[in-house]
Amino acid sequence: DVMAHPYARVAWLGWSGVDVFFVLSGFLITGILVRSKGRPHYFRNFYARRSLRIFPLYYGFLLALGAVYLATSLPEPLERYWPYLATFTWNWTRADAAWEESNRFVHLWSLSVEEQFYLFWPFLVFLLSRRGILIACVTAICACPFVRQAFAAAYEADGLSPYAIYDATYWNTLGQLDAFAWGALL
């Protein structure tokens, strides 16, 4: 049994690091947004900072990856997944029954979740009072287990394997909102 090895048991806990990252992100991003609320160019400043921090390195990586794939003719279907990679929607591909288990882009799902959080959270913070943000966070924390269960049931009905159901549910942005909400509450 591979999980009997002590290193395997520690490595298996890696998922918790992603959850901690989402909590920290919820904490930091909410703090930035609350402090800048009411200032001129609230949205422009937020999205410009996020874009300058993430886009150059990420799209540079995708261009380099594309060049490697063109030069080496690797069997990975990059052209099939390119639209998802370019639009930060990679996390939604796991629900595709044709998704390959050995996919080389698996690590990019969490960046997709993060970017999707950046799309809607500034609007909620802008529109809601501090009390409203608190209510939204508590609602997300309470609702997420049910959201994950609903997605798992839907994926099971679609015929996904148990492994794919777990990943597709875990990678789902709506199923990760409780981690961001815990950070925002802090």
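The values are calculated or read from the model by the stated rules, or taken from the named source; none is laboratory data. Source: prediction; values computed, not measured. Cβ sites come from the backbone with ideal geometry, for glycine too, and all protein chains shown count toward neighbours. Surface areas here come from the heavy atoms of the whole protein model, side chains and all, with no ligands, DNA or RNA. Shrake-Rupley method; radii C 1.70, N 1.55, O 1.52, S 1.80 Å.
Quick notes on this one:
- Accessible solvent surface per residue of segment 117-186, calculated while the other protein chains remain in place, 1.4 angstrom probe, Å²: 54 Å²
- Peptides 106-118, 41-53, 165-177 ranked from most to least packed give 165-177, 106-118, 41-53, packing being the mean of other C-beta atoms within 10 angstrom over each peptide's residues.
- Taking label points 7 Å from Cα along the Cα-to-Cβ direction, Phe43 and Phe120 give a separation of 1.6 nm.
- Cα-based shape type of the chain, given that a ≥ b ≥ c are square roots of the gyration tensor eigenvalues and the cut on a/c is 1.5: oblate
- What a 1.4 Å probe finds exposed on segment 80-186 is 69% carbon and sulfur by accessible area, rounded to a whole percent.
- Most mobile of Pro40, Pro162, Pro145 in a GNM of the chain (Cα contacts under 10 Å): Pro40
- The chain - charge dipole about Cα centre, Lys and Arg +1 at Cβ, Asp and Glu -1, debye rounded to 20: 1240 debye
- Inter-probe distance in nm under a simple model that places probes 7 Å from Cα toward Cβ, at His5 and Leu70: 3.8 nm
- Folded to 0 to 90 degrees: helix 109-127 orientation relative to the chain principal axis, Cα: 20 degrees
- Estimated FRET transfer efficiency (Phe146, Ser16; beta-carbon r; R0 22 Å; 0.05): 0.55
- Computed E for His107/Ile135 - FRET, C-beta separation, R0 45 angstrom, nearest 0.05: 0.85
- Selection among Thr173, Leu128, Trp82 by position relative to the dipole of the chain gives Leu128 as farthest towards the positive end (Cβ unit charges, Cα centre).
- Gaussian network model of the chain, Cα within-10 Å springs - most flexible of Leu28, Leu65, Leu85: Leu65
- When Phe180, Phe126, Phe55 are compared by accessible area at a 1.4 angstrom probe, the order from most to least is Phe126, Phe55, Phe180.
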